[in-house]
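Values quoted throughout were computed directly from the atomic coordinates according to the rules given, and no laboratory measurement underlies them. Quick caveat: nothing in here was measured; it's all calculated off a predicted structure. Here the Cβ positions follow ideal geometry from the backbone for every residue, glycine too, while neighbour counts run over all protein chains shown.
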Amino acid sequence: MSETARLPAPTARRLLGVAWLVAVVATAGSLFYSLGLGFYPCELCWYQRILMYPLVVLFGYAVVRGHHDVYLAALPLSVLGIGVSAYQSYLQVASGATCSVGGCSVVHLRVLGLTIPNQAFVGFVLVTAAMAWLWRLRDPSAR
């Protein structure tokens with residue numbers, strides 16, 4: 001019996017599907033903000049895009065092929081994304097904070113009280129939580 005056969009496949013597939021959906025919504029949202037609303041992404045926004053966009057392909061492939069160890073590739077991207085989006089969120093609330101790369105502390109809009117970096121932060125946290133749960137299911141020693 002292989003390692004993958006011991007993994008409860010429906011739960012793993014659902015987690016991958018949720019992570020894929022979060023990555024798709026985040027990617028579509030960032031494209032809408034820049035292409036639809038005309039907001040030019042700052043440098044930190046580009047870093048967040050670089051970390052989120054590949055997750056759409058990674059999770060899509062993992063769902064189709066049943067590769068449940070995708071957390072090994074996804075966690076570094078999502079954890080770095082949490083750091084970048086948290087830093088940019090801090091820049092937006094800290095009085096007098098400036099970003100050396102320019103424009104990163106500007107608040108363009110709020111959706112449900114969340115700025116664009118706050119939304120990215122939520123997306124990265126959801127992806128990280130799904131991958132941590134998948135890791136826990138996959139690796140019994142992580143329990």
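Could you list, in sequence order, all residues of the stretch 16-59 that are without any contact (Cβ under 8 Å) to a residue 40 or more places away in the chain, assigned to a helix (DSSP H, G or I) and small (Gly, Ala, Ser)?
Within the stretch 16-59, Ala28, Ser34, Gly36 qualify.
Can you pull out the residues in the stretch 61-75 that are in contact with a helix residue (DSSP H, G or I) (Cβ under 9 Å, 6 or more places away or on another chain) and either in a helix (DSSP H, G or I) or surrounded by fewer than 15 Cβ atoms within 10 Å (Cβ to Cβ) (or both)?
If the condition is that a residue be in contact with a helix residue (DSSP H, G or I) (Cβ under 9 Å, 6 or more places away or on another chain) and either in a helix (DSSP H, G or I) or surrounded by fewer than 15 Cβ atoms within 10 Å (Cβ to Cβ) (or both), then Tyr61, Ala62, Val63, Gly66, His68, Asp69, Val70, Tyr71, Leu72, Ala73, Ala74, Leu75 are the ones that fit.
So in the stretch 118-139, with the set limited to residues that are within 19 Å of Val56 (Cβ to Cβ) and of a type outside the set (A, V, I, L, M), which one is surrounded by the most Cβ atoms within 10 Å (Cβ to Cβ)?
Selected residue: Phe124.
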